[in-house]
4 protein chains.
Amino acid sequence: MLDELKHQVCEANLALQRAGLVVLTWGNVSGMDADSGLVVIKPSGVDYDTMRPEQMVVVDLDGRVGAGDLRPSSDTPTHLVLYRAFPGIRGVAHTHSTHATAWAQAKRSLPCYGTTHADNFRGAIPITADLDARALSGDYEAETGHAIVRAFADVAPLEVPGVLVAGHGPFTWGASAAHAVENSIVLEQVALTALLTEALAPGIGGISTQLRDKHFLRKHGAGAYYGQG
Amino acid sequence: MLDELKHQVCEANLALQRAGLVVLTWGNVSGMDADSGLVVIKPSGVDYDTMRPEQMVVVDLDGRVGAGDLRPSSDTPTHLVLYRAFPGIRGVAHTHSTHATAWAQAKRSLPCYGTTHADNFRGAIPITADLDARALSGDYEAETGHAIVRAFADVAPLEVPGVLVAGHGPFTWGASAAHAVENSIVLEQVALTALLTEALAPGIGGISTQLRDKHFLRKHGAGAYYGQG
Amino acid sequence: MLDELKHQVCEANLALQRAGLVVLTWGNVSGMDADSGLVVIKPSGVDYDTMRPEQMVVVDLDGRVGAGDLRPSSDTPTHLVLYRAFPGIRGVAHTHSTHATAWAQAKRSLPCYGTTHADNFRGAIPITADLDARALSGDYEAETGHAIVRAFADVAPLEVPGVLVAGHGPFTWGASAAHAVENSIVLEQVALTALLTEALAPGIGGISTQLRDKHFLRKHGAGAYYGQG
Amino acid sequence: MLDELKHQVCEANLALQRAGLVVLTWGNVSGMDADSGLVVIKPSGVDYDTMRPEQMVVVDLDGRVGAGDLRPSSDTPTHLVLYRAFPGIRGVAHTHSTHATAWAQAKRSLPCYGTTHADNFRGAIPITADLDARALSGDYEAETGHAIVRAFADVAPLEVPGVLVAGHGPFTWGASAAHAVENSIVLEQVALTALLTEALAPGIGGISTQLRDKHFLRKHGAGAYYGQG
């Protein structure tokens, strides 16, 4: 049951570490089985060095954990909110990667300063609002998810597959666990490059909407011509 | 005698190097045996590449070195002051890791700008006062320890398990040598991220006490729910 | 046919990755066979981990792809414009390397702040003008090439073998695919060092023309005395 | 003849690369045989990956190359000036390491901001004056050496074993080729940390002379107590 998805999710978590986005046991990736609506996610606080597919935890969209499974990542409720709110996503990744986290801590959305950004994200990457006292004292991790969803009121989550949670760090998503990880890698790289861009040219604006869309659309959608199709 | 602790302390020193926190022979980690009150510490100036458990040095809390042992780390008196002053700690680590050292050289305490910091440190990481001429010309390494203890007059050392020594670098501690090293790793990462946060948002304040405590307490204390418990 | 060049181009692409200039499948290197005027280039969106010489794509200078070949890099038309416009170049490399891309996104030319720069580039590395709406909606990748050529109206491309494309990233070239990659490595390093130089000494000017030429000419041209000749 | 020194110098050059201070074929290390006054140095432009002790070049203090040897590093005349001017040094290293080069390009001496610096360098690391037109058009590499020597008119080269050459990069030296490399490693690390220190605390002064000397003297001189003696 879900063995293939467990392999994919385990491999996606390990890919996060190989990409240098992980310190200690931080970070987590999940994947969703579209037919059953079940989600597979990394267990909480497990070492990457000994991580195995069998350790991956199965939860349903209401957060009920499979019998005999380990405790899932403490961020699981955030993942589940995203799967319920953003139709079409099949993977979610969360990291504390250095530069994306710096933007999150700075409570700034990440402007689109170049084509590297535009290749994967069609516009600025939103920052969430701070959680209020009620949300912090309530179901904190689910409330984090709701704050993310509110930040996408006017943004298409499949065109901008990532967010910065204020004072915390980034979440990304995609058509699979592997795609969510790819978007975490790109987000970290563009967060770094954007920071350097501002250091070199304070006040510079982002690239034009036309250049942004040219790059996004040559990789995504009906007219895409990047890759081997 | 203390063979198990020697293995743990040697391994903790090597973990410091594997984490990229070490240049040349810099850095040192110790562990304390609670029953005997003896401390095991890295010898002075020994290469990490050839380090072995048998080389670890045993000292008592007054600094007397075991017969036949190598010379202990020159920072040993600082470690001993911390073991005597902070009940409950069983490991101490010292590095010159890049970004924590930059904050120490800048003579600034490290604000809590995000949940990554709050996961391991419940508040700002203190900076020591400069040592005065008397302390510098006296028992320098022990005086460094006393300066650290003074910086914790109003801070709980088990809740903020690290410090920046002005003009020098960080010390961290924990429930074991391995935990002290883990805190050195986290301190270096939050020192880096905090520096970038300030570059992106000069004058930004830290996260709220409520968010800080939410994260610290989901990993530590009676209500913790991170990891496999 | 062109087997040797395919090996060289494949190896040059892998060298780009080994040098740390590549994230995911980004970046591409080509080489030109001077006799036939045929160009060999990396296929689009192929993993570096499984890249083989046989996958390299042959195109002519008008962009016609060899029978049975994979789809060439989407940036191929940019490479072809450069081969046609800059006589004597036999290799072209394109990356999104972090610091060169930051300068490109900052829309600034890269000043010559030191002898490291002057060893490979005889002067500032030009920035292209933004593409206008017509160019963006037309043959975008060829237009990128034309913008590069316009930036070299008063610069010798064999003496300054690289450029920053505004809002995008760097291209470099040289006497072979391997030399183009070497210039990408140097460009990334001098882009990093120049950024740090400005942070340490805002407003500092570049080195003198005399020092710059001393270094460029001790490695290039008739009087060169670097290397084993 | 000098086989042992050739091994040491080859190994020191490779240590420079292992320490991450080298890009491409940049950098060079030499060692002097005190009895004969002969100097062994890396050949010019040779790959680190295939470097062997037999390739190391022997030159006398006037720059005459041993029969049958490869061409020595183009920076050899700079090394020779230092051996002649600074009695007691037996090794010299030159790199374009990133952060030391940034200070050199910024034409700033490197202040002593912490004990990491003071452990190996007893005070600020000097910057040379720019070479004038005559020096640039004359025996350039020897003139670089003379500029270094002038920067040490009031500084003891054995207590501050390194320099920043304006617009170029660092040279370091020591009691052997290996010690010269160690000083290059420390210089790069303190150049990085000092840059970050200034970013965090603009205008901060260096550490006190007393703290600086405490650290330098606990590792060097008659009263040293660091290491295993």
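Checked across the range D:134-152, the condition of being in contact with a helix residue (DSSP H, G or I) (Cβ under 7 Å, 6 or more places away or on another chain), closer than 26 Å to B:Leu195 by Cβ and of a type in the set (A, V, I, L, M) holds for no residue. Does at least one position in the range B:126-142 carry a residue that is at the interface with chain D (Cβ under 10 Å from one of its Cβ atoms), surrounded by fewer than 23 Cβ atoms within 10 Å (Cβ to Cβ), part of a helix (DSSP H, G or I) and of a type in the set (S, T, N, Q)? Yes, the range B:126-142 contains at least one residue that is at the interface with chain D (Cβ under 10 Å from one of its Cβ atoms), surrounded by fewer than 23 Cβ atoms within 10 Å (Cβ to Cβ), part of a helix (DSSP H, G or I) and of a type in the set (S, T, N, Q).
For D:Pro77, are the conditions met, namely being under 19 Å from D:Glu159 (Cα atoms) and either in a strand (DSSP E or B) or modelled with pLDDT of 95 or more (or both)? Before you say what the answer is, go through the steps one by one.
Numbers: under 19 Å from D:Glu159 (Cα atoms): no; either in a strand (DSSP E or B) or modelled with pLDDT of 95 or more (or both): yes.
Judged against the criteria, D:Pro77 is not a match.
So, C:Arg84, is that one open to solvent by 10 Å² or more (accessible area, probe 1.4 Å), within 26 Å of A:Ser208 (Cβ to Cβ) and part of a helix (DSSP H, G or I) or not? No: the conditions fail for C:Arg84. The conditions of being at the interface with chain A (Cβ under 10 Å from one of its Cβ atoms), open to solvent by less than 50 Å² (accessible area, probe 1.4 Å), at pLDDT 95 or above and in a helix (DSSP H, G or I) are met by B:Gln189. A count restricted to the range D:97-118 and to residues that are of a type outside the set (A, V, I, L, M, F, W, C), farther than 20 Å from D:Leu21 by Cα and away from chain C (no Cβ under 14 Å) stands at 2. Residues in the range A:14-35 that are more than 14 Å from chain B (Cβ to nearest Cβ) and in contact (Cβ under 8 Å) with a residue 24 or more places away in the chain: 10 in all.
Just one residue in the set B:Pro77, B:Pro43 is within 13 Å of chain D (Cβ to nearest Cβ), in contact with a helix residue (DSSP H, G or I) (Cβ under 6 Å, 6 or more places away or on another chain), open to solvent by 30 Å² or more (accessible area, probe 1.4 Å) and within 26 Å of D:Asn120 (Cα to Cα); that residue is B:Pro77.
How many residues does the range A:87-115 contain that are outside any loop (DSSP other than H, G, I, E, B), within 17 Å of the chain's Cα centre (by Cα), buried (at least 22 other Cβ atoms within 10 Å of the Cβ) and of a type in the set (Ser, Thr, Tyr)? Result for the range A:87-115: 1. For A:Gly68, the conditions (1) away from every other protein chain (no Cβ under 12 Å); (2) open to solvent by less than 20 Å² (accessible area, probe 1.4 Å); (3) assigned to a loop (DSSP other than H, G, I, E, B) are fulfilled apart from (2).
How many residues does the range D:170-186 hold that are part of a helix (DSSP H, G or I) and either farther than 30 Å from B:Ala133 by Cβ or of a type in the set (Asp, Glu) (or both)? Steps first, answer last, please.
Taking the range D:170-186 and keeping what is part of a helix (DSSP H, G or I), we get D:177-186.
Retained after the next criterion (residues that are either farther than 30 Å from B:Ala133 by Cβ or of a type in the set (Asp, Glu) (or both)): D:177-182, D:184-185.
Of the residues in the range D:170-186, 8 are part of a helix (DSSP H, G or I) and either farther than 30 Å from B:Ala133 by Cβ or of a type in the set (Asp, Glu) (or both).
Against the numbered list (1) at the interface with another protein chain (Cβ under 8 Å from one of its Cβ atoms); (2) among the aliphatic types (A, V, I, L, M); (3) part of a loop (DSSP other than H, G, I, E, B), D:Ala194 comes up short only at (3). Which numbered condition in (1) outside any helix (DSSP H, G or I); (2) surrounded by 16 or more Cβ atoms within 10 Å (Cβ to Cβ) is the only one that C:Pro202 fails? Status for C:Pro202: all satisfied but (2). Filtered by the rule that a residue be closer than 16 Å to C:Asp3 by Cβ and without any contact (Cβ under 8 Å) to a residue 24 or more places away in the chain, the range C:37-58 gives a lone residue, C:Val57. Taking the range A:1-35 as the range and being surrounded by fewer than 18 Cβ atoms within 10 Å (Cβ to Cβ) and touching a Leu at 6+ places or on another chain (Cβ under 8 Å) as the test, only A:Asp33 passes.
Apart from one condition, C:His179 fits all of (1) of a type outside the set (Lys, Arg); (2) out of contact with any Gly (no Cβ under 9 Å at 6 or more places or on another chain); (3) farther than 25 Å from A:Glu198 by Cβ; (4) modelled with pLDDT of 95 or more; the exception is (2).
Restricting the range C:207-219 to residues that are modelled with pLDDT of 95 or more and not aliphatic (A, V, I, L, M), which is nearest to C:Gly174 (Cα to Cα)?
C:Phe216
The values are calculated or read from the model by the stated rules, or taken from the named source; none is laboratory data. This structure is a prediction, so every number in the text was calculated from the model and none was measured. When we count neighbours, we look across all protein chains shown, and the Cβ atoms used for this are built from the backbone with ideal geometry, even at glycine. Note: areas computed on protein heavy atoms with side chains; ligands, DNA, RNA excluded. Shrake-Rupley method; radii C 1.70, N 1.55, O 1.52, S 1.80 Å.
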